[in-house]
Amino acid sequence: MNIALHGTGRTGSAARRIALERSHEITVEIDSKTLVTASSLSGAEVVIDFSHATALDRLVEAACEAKVDLVIGTTGWNDRLEAIRAKCLDAEIGVVWAPNFSPGATILFAVARRAAELAKEFGGFEGGIEERHHGQKKDAPSGTAIRLAREVERSGLNKPRIGASRVGHEPGKHTLFFDSPDDLIELTHRARNRDGFARGAVIAAEHLHGQKGFLSFEELIGF
């Protein structure tokens, strides 16, 4: 596939390396100093985005104009989700988004959903979330933590409180816990590096090829 990269930080750089390892071509790399346009995406079949929430609207506009599919790994734009969804559907491009493209985190979402259902069935449990990221991460709580909280809420359990810290160099650690007077259950995902996020995004680009619509990662891969 011909892939454009939007965002050339550490995760974007990992996506570049992994895409090349999987025999894809990189048509263009767009950093924070470059204004993305429809013409700059010419020749690409899909854009993998690991930029910043403030840059996403311009990217969506360019991708819709160029009719190029999108893999959105940027977080912190949940307040604009419906508007961006409508724009992409109107342009009839394929879009997949996730708060965390890591295969391990994707498994955690599915396990969290079932664990919350069981905790609700037994009764007496309250859910909570603790998450930790490096000091450069801007949004708090993380998109992954928000997604975990939604999975718990879907079961009918209480809305989990989220504790977030931004310090040091932690790529990402999330612990979902269910606490009762008798038991404490903890489910933890910890990213060892950024390769998992990047690898999942490249896999998403491969699965998205030839599809249309606005999909979550789980919907795309059939979870």
If you take the residues in region 83-107 that are modelled with pLDDT under 95 and part of a helix (DSSP H, G or I), which one is farthest from A15 (Cα to Cα)?
I107
Which one of these does E131 not meet: (1) of a type in the set (D, E, K, R); (2) farther than 15 Å from T188 by Cβ; (3) touching a Pro at 6+ places or on another chain (Cβ under 8 Å)?
(2)
Checking H174, H189 in turn, the sole residue that is modelled with pLDDT of 95 or more, under 26 Å from H6 (Cβ atoms), in contact with an Asp or Glu (Cβ under 8 Å, 6 or more places away or on another chain) and assigned to a strand (DSSP E or B) turns out to be H174
Restricting the search to region 87-101, which residues are under 10 Å from G213 (Cα atoms) and either surrounded by fewer than 18 Cβ atoms within 10 Å (Cβ to Cβ) or without any contact (Cβ under 8 Å) to a residue 60 or more places away in the chain (or both)?
L89, D90, A91, E92
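Listed here are the residues, each with its yes/no results for (1) loosely packed, with under 14 Cβ neighbours inside 10 Å; (2) among the basic types (K, R); (3) assigned by TED's automatic domain parsing to the domain that holds L81.
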{"residue": "F125", "(1), (2), (3)": "no, no, no"}
{"residue": "D139", "(1), (2), (3)": "no, no, no"}
{"residue": "T144", "(1), (2), (3)": "no, no, no"}
{"residue": "D179", "(1), (2), (3)": "no, no, no"}
{"residue": "D183", "(1), (2), (3)": "yes, no, no"}
{"residue": "G200", "(1), (2), (3)": "no, no, yes"}
{"residue": "L208", "(1), (2), (3)": "no, no, yes"}
{"residue": "L215", "(1), (2), (3)": "no, no, yes"}
Among the residues of region 69-78, is there at least one that is more than 15 Å from the chain's Cα centre (by Cα), touching a residue at least 60 places away in the same chain (Cβ under 8 Å) and not in a loop (DSSP other than H, G, I, E, B)?
yes
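Residues that are of a type in the set (V, I, T), outside any loop (DSSP other than H, G, I, E, B), surrounded by fewer than 19 Cβ atoms within 10 Å (Cβ to Cβ) and not assigned by TED's automatic domain parsing to the domain that holds A44: does region 148-167 have at least one?
Looking through region 148-167, at least one residue is of a type in the set (V, I, T), outside any loop (DSSP other than H, G, I, E, B), surrounded by fewer than 19 Cβ atoms within 10 Å (Cβ to Cβ) and not assigned by TED's automatic domain parsing to the domain that holds A44.
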Scanning region 3-48 for residues that are part of a loop (DSSP other than H, G, I, E, B), over 22 Å from the mean Cα position of the chain (by Cα) and either of a type in the set (S, T, N, Q) or at positive phi (or both) gives S23, T34, T37, S42, G43
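The values are calculated or read from the model by the stated rules, or taken from the named source; none is laboratory data. Just so it is clear, the model here is predicted, and its values are computed rather than measured. For neighbour counting, all protein chains shown are included, and Cβ atoms are generated from backbone atoms with ideal geometry for every residue, glycine included.
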